[in-house]
Amino acid sequence: MTVAIVECGIGNVQSVANACRQIAPDTVVVADGAALTAANPQRVILPGVGAIGTVLANLRGREIAPVLERLVRGSGVPFLGICVGMQVLADVCEEFGSHRGFGWIPGHVRRMAPVVSRVRLPHVGWNTIAATWPDDPLMRDIDGKDAYFVHSYAMDCPREFVLATTEYEGVTFPCAVRRDNIAGVQFHPEKSSLIGAALLTAFIGDGLCTNAA
């Protein structure tokens with residue numbers, strides 16, 4: 001089982017790779033389209049931190065985006081986006097301008113607006129996951145438990161694609177989404193202890209074989 005971790009030029013992906021190697025020893029880190037093609041992965045994970053526009057530009061500039069399109073959309077390879085890696089799945093990402101996302105899951109990414117005005121962004125810390133699809137393989141062992149978040153933007157998408165939500169200071173937002181073999185989580189599995197390990201184990205093991213939508 002080869003799991004490819006996509007390194008898009010922002011942030012350290014080694015913590016995600018190390019977590020995945022506990023489950024799939026043949027996990028590799030790839031930084032361009034040629035390396036991703038050569039890896040011929042059975043699972044693809046895209047972690048992301050930093051500015052959405054820069055991440056998208058790097059994915060396209062390094063020819064990663066077209067290879068992902070072929071592998072994930074064309075061949076059905078299971079895909080998991082983490083944090084900004086989830087946000088790039090949307091149609092439009094609004095951060096320092098408007099950026100065209102992958103459009104794999106209909107929706108927009110917008111800056112969060114906590115109801116309590118004194119609360120500042122980013123949203124950092126542990127919050128509870130409330131599954132919309134509790135029987136989905138990705139949700140079975142983490143529904144109702146806490147995961148670790150670091151973000152200021154969140155995805156807004158149709159309910160049929162929302163696997164789970166989280167509430168932060170009066171704002172409820174999708175923290176996990178899925179469309180067939182494509183999934184994303186706003187939280188960081190690699191920083192979420194046993195909960196994160198359970199999610200990665202489910203993703204690598206089940207391969208998103210059941211359509212949540």
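The values are calculated or read from the model by the stated rules, or taken from the named source; none is laboratory data. What you see is a predicted model, and the numbers here were worked out from it, not measured in a lab. FYI the Cβ positions are ideal-geometry reconstructions off the backbone, even for glycines, and counts take in every protein chain you see.
Among the residues of region 1-28, write down those that are surrounded by fewer than 18 Cβ atoms within 10 Å (Cβ to Cβ), of a type in the set (A, V, I, L, M, F, W, C) and closer than 19 Å to ARG62 by Cβ.
Scanning region 1-28 gives ILE10, VAL28.
Could you tell me how many of the residues in region 128-148 are assigned to a strand (DSSP E or B) and out of contact with any helix residue (DSSP H, G or I) (no Cβ under 9 Å at 6 or more places or on another chain)?
Total meeting the criteria: 3.
Quickly run through region 119-130 and pick out the residues that are more than 17 Å from SER193 (Cβ to Cβ) and either of a type in the set (Phe, Trp, Tyr) or surrounded by 20 or more Cβ atoms within 10 Å (Cβ to Cβ) (or both).
If the condition is that a residue be more than 17 Å from SER193 (Cβ to Cβ) and either of a type in the set (Phe, Trp, Tyr) or surrounded by 20 or more Cβ atoms within 10 Å (Cβ to Cβ) (or both), then HIS123 is the only one that fits.
In this structure, is ARG60 of a type in the set (Lys, Arg) and within 12 Å of ILE182 (Cα to Cα)?
So ARG60 fails the test.
Give region 139-160 a look and list any residue that's over 13 Å from the mean Cα position of the chain (by Cα) and within 15 Å of PRO106 (Cβ to Cβ), or say none.
ASP156, CYS157, PRO158, ARG159, GLU160
List, please: which pairs have Cβ atoms under 9 Å, are six or more places apart or on different chains, and start with a residue in region 31-43 that is on the phi > 0 side of the Ramachandran plot and modelled with pLDDT of 95 or more and end with one that is surrounded by 16 or more Cβ atoms within 10 Å (Cβ to Cβ) and not small (Gly, Ala, Ser)?
Sorted first by the residue in region 31-43, then by its partner, the pairs are ASN40/LEU71.
Let me spell it out: the conditions are (1) basic (Lys, Arg); (2) within 20 Å of VAL44 (Cβ to Cβ); (3) free of Cβ contacts under 8 Å to residues at least 40 places away in the same chain, and ARG159 meets all of them except one. Which number is the exception?
Unmet for ARG159, out of (1) basic (Lys, Arg); (2) within 20 Å of VAL44 (Cβ to Cβ); (3) free of Cβ contacts under 8 Å to residues at least 40 places away in the same chain: (2).
Take region 152-166 and flag every residue that is within 12 Å of ALA113 (Cα to Cα) and either surrounded by 15 or more Cβ atoms within 10 Å (Cβ to Cβ) or among the acidic types (Asp, Glu) (or both). Walk me through how you get there before you give the answer.
Our first condition is that a residue be within 12 Å of ALA113 (Cα to Cα); within region 152-166, this holds for 152-154.
The answer is TYR153, ALA154.
Residue-wise test of (1) at pLDDT 95 or above; (2) more than 25 Å from THR54 (Cα to Cα).
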site	(1), (2)
GLU95	no, no
VAL115	no, yes
TRP126	yes, yes
ALA130	yes, yes
ASP141	no, yes
TYR153	no, no
PRO158	yes, yes
GLY170	no, yes
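Between residues in region 46-71 that are within 19 Å of VAL109 (Cα to Cα) and residues that are of a type in the set (Lys, Arg), which pairs lie under 9 Å by C-beta distance while being six or more apart or on different chains?
LEU56/ARG100
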